1. Taking into account only those residues within the stretch 146-161 that are buried (at least 20 other Cβ atoms within 10 Å of the Cβ) and touching a helix residue (DSSP H, G or I) at 6+ places or on another chain (Cβ under 6 Å), which is modelled with the lowest pLDDT?
2. Name every residue in the stretch 22-45 that is under 13 Å from Asp205 (Cβ atoms) and in a loop (DSSP other than H, G, I, E, B), in order of residue number.
3. Looking at Ala97, Ala92, Ala79, Ala19 in this structure, which one is small (Gly, Ala, Ser) and outside any loop (DSSP other than H, G, I, E, B)?
4. Have a look at Leu171, Leu207, Leu158, Leu194 and point out the one that is over 19 Å from Asp15 (Cβ atoms) and either touching a strand residue (DSSP E or B) at 6+ places or on another chain (Cβ under 7 Å) or of a type in the set (S, T, N, Q) (or both).
5. Give all pairs with beta carbons closer than 6 Å in which a residue from the stretch 16-35 that is modelled with pLDDT under 95 meets a residue that is in a helix (DSSP H, G or I); count only pairs at least 6 apart in sequence or on separate chains.
6. Name, by its number, the condition in (1) within 20 Å of Glu161 (Cα to Cα); (2) hydrophobic (A, V, I, L, M, F, W, C); (3) in contact with a Ser or Thr (Cβ under 9 Å, 6 or more places away or on another chain) that does not hold for Leu64.
7. Listed residues Ile116, Ile138, Ile164; which is modelled with pLDDT of 95 or more, part of a loop (DSSP other than H, G, I, E, B) and under 23 Å from Thr52 (Cα atoms)?
8. Considering only the stretch 63-84, state which residues are over 20 Å from Arg5 (Cα atoms) and either in contact (Cβ under 8 Å) with a residue 40 or more places away in the chain or crowded, with 21+ Cβ neighbours inside 10 Å (or both).
Amino acid sequence: MPRPRVILNMAMSVDGKIATVEGDSKLSCPEDLKRLHSLRSKVDAVMVGVGTVLKDNPSLTVRLTKGKNPIRVVVDSMASTPPDAKVLDSSAKTIIAVSRRAPKDRVEKLKKKADIMVVGDYLVDLPRLLEKLYERGIRKLLLEGGSTLNWSMLKERLVDELRITVCPVILGGEKAKSLVGGEGFRKVEEGLKLKLVRIKKVGGDLLLVYRPR
């Protein structure tokens, strides 16, 4: 079944962290933030996990450049998105993907502000979700994390391009979130192999563009 082209875009420290141990994720320089907003304006939808919504409360709109706001997609198996989250404001359309075990009262509350997609029994079925998004006309999707959703998408081989900004700072912290979380691959040979296709300096940051082999 066809699915949207998926671009994973994230900023990380030199040591691979996307946030500090206290959750501060303000890593990108102004030039890189403008690049991100320009990228948002050129895709049909932007997708995050519910953990990102709960931690950062992003609006996921285009603000630093001219362009349309993409459709916002939240992967939220248990319908935990707060009804007052910025991602549910009126600035853009929002789709929340939930599983069949999501509490019905939470789902009903979210239905007042977003389109609900039920895909998966225990967790959101990501391949099926992408198929349903394609059926709705979404051809290019920007994945903005966090680390748990990044892992699930990469493990399922659902990412077509990675745009990783390396910021000149080291954060450390065993419990600080890294670019990809989840259970991880057990052996290097099992990992997702990438091909470096472009390197670009963006302000004081370094943008690395990869594609899966």
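The values are calculated or read from the model by the stated rules, or taken from the named source; none is laboratory data. Keep in mind the model is a prediction, meaning the values are calculated, not measured. Neighbour counts are summed over all protein chains in view; Cβ atoms, including those assigned to glycine, are modelled from backbone coordinates with ideal geometry.
1. It comes out as Gly146.
2. Within the stretch 22-45, Lys26, Leu27, Ser28, Cys29 qualify.
3. Of Ala97, Ala92, Ala79, Ala19, the one residue that is small (Gly, Ala, Ser) and outside any loop (DSSP other than H, G, I, E, B) is Ala97.
4. Answer to the selection: Leu158.
5. Correct list of pairs: Gly23/Lys55.
6. (1)
7. Ile138
8. Within the stretch 63-84, Asp76, Ser77, Ala79, Thr81 meet the criteria.
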